[in-house]
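Q: Take a look at this one; I'll ask things after.
The values are calculated or read from the model by the stated rules, or taken from the named source; none is laboratory data. On a predicted model such as this, the values are computed, not experimentally measured, just so you know. As a convention, Cβ positions derive from the backbone with ideal geometry for all residues, glycine included, and neighbour counts pool all protein chains shown.
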Amino acid sequence: MHNSIDVGASPTTSVVANQKVVMLVDDDPIFRRLTSGFLESQGYRVIEAENGLDGLQQLRTEEPDVILCDLSMPILDGIEFVEEVSLEYPSLPLIVVSATDEISDVAKALRFGIKDFLAKPIGNYEHLARAIESTIDDTDNHLCDQRDFASQWFRVDSGDIPEEQELHWHLRYLEDNPSAAKDLLHALLPEIDTAQGDWKCSYRLLQSTEVMPLVFDYAWLMNGQFAFYLVDSNCEGEHGAATTLLIRALFHDYLRNLKCFNADLKDISLMLEEGMRCSNCSSPVNAIFGIADLSEGTLSVLPAGIDAQWSNISDTKHLSAGSRLGEGCSANLMTKDLPILSTCHLSVSCLGSSSFSLDIINGASD
């Protein structure tokens, strides 16, 4: 646990000609005064706004490098403000600073691409400094639009995980607040229906509210591949939420940094397990990975602790769970080139707690 620091401490960053600008949007004048004092001591120029409407009005003439905003504000609340900024200024990164009982609102804000969030009260302003610094670094390196908050926490870069993490204060909060972790993981679920060209993919996920959720995610690749994973965050260890967020960060970082266009399930599993080994806040989890090669009309699946059933219009196949992710799942049997034909169906059932199904449909064959 880090010790709190004096917000009036001497500057650690000298003011330079290209001084970075932070907009602070918060209706609490005491919080604004303390936070502005700290940020100015770090060499930033601070623009203060007392609510979301004031912030939007100031954005007409000001060009901040990053925005810090509360979610509970009068006139125009934080969710509305975040939504407006994400639409009008899509390249402008936002960091939410919110009271801990507003985690459901934080989860909503994640859908608008916020880069980080911090719980109020801020016990350690060093956390805020690092969040701002890493967000601005990503913006300067043109990575800001590609990374979400999970990547910010883990600071992944081409699949590498630094040994020393400055993310435990985030993850410790989620471990101590299971309901907050559930809200956050539910908010990560992507759109139910998605399409590219003639191909359509849709999933259905039913699960008990009593346990940590299944989390599904996917990405379309330029070569016509549809890559996806399903992770059961209700693992035996204490790091289910943290592990799920790490998988999310590494999965998208792998796809973003592909040197060739084809994603490979074995490579994904090896990269994820290496990342988990380098992190002391992860546990083995049950998962399943898949890549639909839509140019070939085939599906390949690598189970990692989850049993699944695959079918198309003429055939059915059981896919055995094998070893969990984090326990050598790359050695599991990978089922390659399952024919999609006009449609195929992948289903998972966790008795008594959840069920999942994914449908991949070739509209051109109708």
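Q: Can you work out which of the residues in the stretch 16-47 that are of a type in the set (Val, Ile, Thr) and over 18 Å from THR61 (Cβ atoms) is nearest to the chain's Cα centre (by Cα)?
A: Checked the stretch 16-47; the qualifying residue nearest to the chain's Cα centre (by Cα) is THR35.
Q: Condition first: farther than 23 Å from ILE340 by Cβ, outside the structural domain of GLU273 (by TED's automatic domain parsing) and modelled with pLDDT of 80 or more. Can you find one or more residues in the stretch 200-211 that meet it?
A: So far as the stretch 200-211 goes, no, none of its residues is farther than 23 Å from ILE340 by Cβ, outside the structural domain of GLU273 (by TED's automatic domain parsing) and modelled with pLDDT of 80 or more.
Q: Right, SER323: farther than 25 Å from LEU174 by Cα and modelled with pLDDT under 95 or not?
A: no
Q: A further question on this structure: For the stretch 310-331: of the residues being touching a residue at least 40 places away in the same chain (Cβ under 8 Å) and of a type outside the set (A, V, I, L, M, F, W, C), which is surrounded by the most Cβ atoms within 10 Å (Cβ to Cβ)?
A: GLY326
Q: Right, another one. Look through the stretch 47-64, keep the residues that are among the polar types (S, T, N, Q) and under 15 Å from GLY78 (Cα atoms), and return whichever of them is surrounded by the fewest Cβ atoms within 10 Å (Cβ to Cβ).
A: GLN57
Q: Can we say GLU210 is in a loop (DSSP other than H, G, I, E, B), closer than 20 Å to SER349 by Cβ, touching a residue at least 12 places away in the same chain (Cβ under 8 Å) and of a type in the set (D, E, K, R)?
A: Yes; evaluated as a whole, the condition is true for this residue.
Q: While we're here: Is it the case that ASP253 is crowded, with 17+ Cβ neighbours inside 10 Å, modelled with pLDDT under 85 and not in a loop (DSSP other than H, G, I, E, B)?
A: yes
Q: Among the numbered criteria (1) outside any strand (DSSP E or B); (2) in contact (Cβ under 8 Å) with a residue 12 or more places away in the chain, which one does PHE228 miss?
A: (1)
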